[in-house]
Amino acid sequence: MVEARSGSAGRHEARVRIVEVAARLLREQGAAAVTTRAVAQAAGMQAPTIYRFFEDKDALLDAVAEHVFTAYVAEKALAEAGDDPVADLRAGWETHIGFGLANPALFGLLTDPSRTTHSPAAVAGLEVLRGRVHRVAAIGRLRVTERRAVELIHAAGTGAVLTLLSIPPADRDLELADAMYEAVMQVILTDAPALAVDGTTAATVAFRALAPKLPMLTDAERALLSEWLDRADDAPAVLDAERALLSEWLDRADDAPAVLDA
């Protein structure tokens, strides 16, 4: 049993060594440099050993992309939330742009749809973005749905990095990314202060973000409330009976105001 564990540990260490060496070659020299021979030589092993872990170069590159991006996403997820969700959203954007420009070959792999469709790291990265957008929605600053905001930010961030990477480093205007961010914010954010008198959509989005946390409602009532709020995006008019029931539920909030602390 000890030998089995030792053998398993040895295989794991060898695989990690291969991936880390390949990641360094990718970062320093680009995808063309990540060959079986080059990785094996840099890792101090025979080339056939690589094929014990990866069937081809594409499989190795997928593992490298997952390895590096997983570490990046984990670091983003551990970042402490500040007092201003909008400022945190901006900080996340700047981190994303910086990561893409610092890892051009890797970013190319991560934005290839055939590679990212089933990437756990890519899914986790989007969850981090969704969490930040959700906090903005909860303070009433979104004029669009959370899903729409996430899609716009993700598309704009990817496009901004790819555009900058297509330009020689000496000629890049990094203000392009800033301009892209501001353009997206004009579309998805309301003006401060939050929840203006005429900010019906922002109020709906904010309430939708808080709905799952309302302690005075049953699970069935929360589900029905969420359904109504989702429907409001396409048809703002709510039936009189629904409005009456909603008012009753909101009256209950007087006895459980702590939900707004979120």
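The values are calculated or read from the model by the stated rules, or taken from the named source; none is laboratory data. Since this is a predicted model, take the numbers as computed values, not measurements. All Cβ positions, even for glycine, are placed from backbone atoms using ideal geometry, and neighbour counts span all protein chains on display. Ligands, DNA and RNA are stripped out before the accessible areas are found, and what is left, the full protein with its side chains, is counted by its heavy atoms. Shrake-Rupley method; radii C 1.70, N 1.55, O 1.52, S 1.80 Å.
Some notes on this structure:
The rows are residues; the columns are (1) in a helix (DSSP H, G or I); (2) within 21 Å of GLU127 (Cβ to Cβ).
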residue	(1), (2)
ALA149	yes, yes
LEU152	yes, yes
GLY157	yes, yes
THR163	yes, no
ILE167	no, no
ALA170	yes, no
ASP173	no, no
ALA177	yes, no
MET180	yes, no
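- Subset of segment 13-36 (residues that are hydrophobic (A, V, I, L, M, F, W, C) and loosely packed, with under 15 Cβ neighbours inside 10 Å): VAL16, ALA32
- Members of segment 160-194 that are closer than 19 Å to ASP84 by Cα, surrounded by 11 or more Cβ atoms within 10 Å (Cβ to Cβ) and among the polar types (S, T, N, Q): THR190
- When the criteria are applied in full, VAL68 fails the requirement of being touching a helix residue (DSSP H, G or I) at 6+ places or on another chain (Cβ under 8 Å) and open to solvent by less than 30 Å² (accessible area, probe 1.4 Å).
- Here GLY157 fits the description: crowded, with 19+ Cβ neighbours inside 10 Å, touching a Phe, Trp or Tyr at 6+ places or on another chain (Cβ under 7 Å), among the small types (Gly, Ala, Ser) and not assigned by the TED database to the domain that holds ALA33.
- If only residues of segment 51-65 that are open to solvent by less than 70 Å² (accessible area, probe 1.4 Å) and in contact with a Lys or Arg (Cβ under 9 Å, 6 or more places away or on another chain) are counted, the one that is nearest to ARG11 (Cα to Cα) is PHE53.
- Residue check for GLY140: in contact with a helix residue (DSSP H, G or I) (Cβ under 7 Å, 6 or more places away or on another chain), touching a residue at least 40 places away in the same chain (Cβ under 8 Å) and part of a helix (DSSP H, G or I): no
- Hits in segment 72-121 (condition: open to solvent by less than 60 Å² (accessible area, probe 1.4 Å), small (Gly, Ala, Ser) and within 30 Å of ALA32 (Cβ to Cβ)): ALA74, GLY98, GLY100, ALA105, GLY108, SER119, ALA121
- Criterion: within 27 Å of LEU25 (Cα to Cα) and either in the same structural domain as ALA81 (by the TED database) or among the small types (Gly, Ala, Ser) (or both) - qualifying residue of ALA179, ALA124, ALA138, ALA149: ALA124
- 1 or more residues among the aromatic types (Phe, Trp, Tyr): qualifying helices (runs of 4 or more DSSP H) within segment 14-101: 57-78
- Subset tally (residues that are open to solvent by less than 30 Å² (accessible area, probe 1.4 Å) and touching a Gly at 6+ places or on another chain (Cβ under 9 Å)) for segment 131-148: 1
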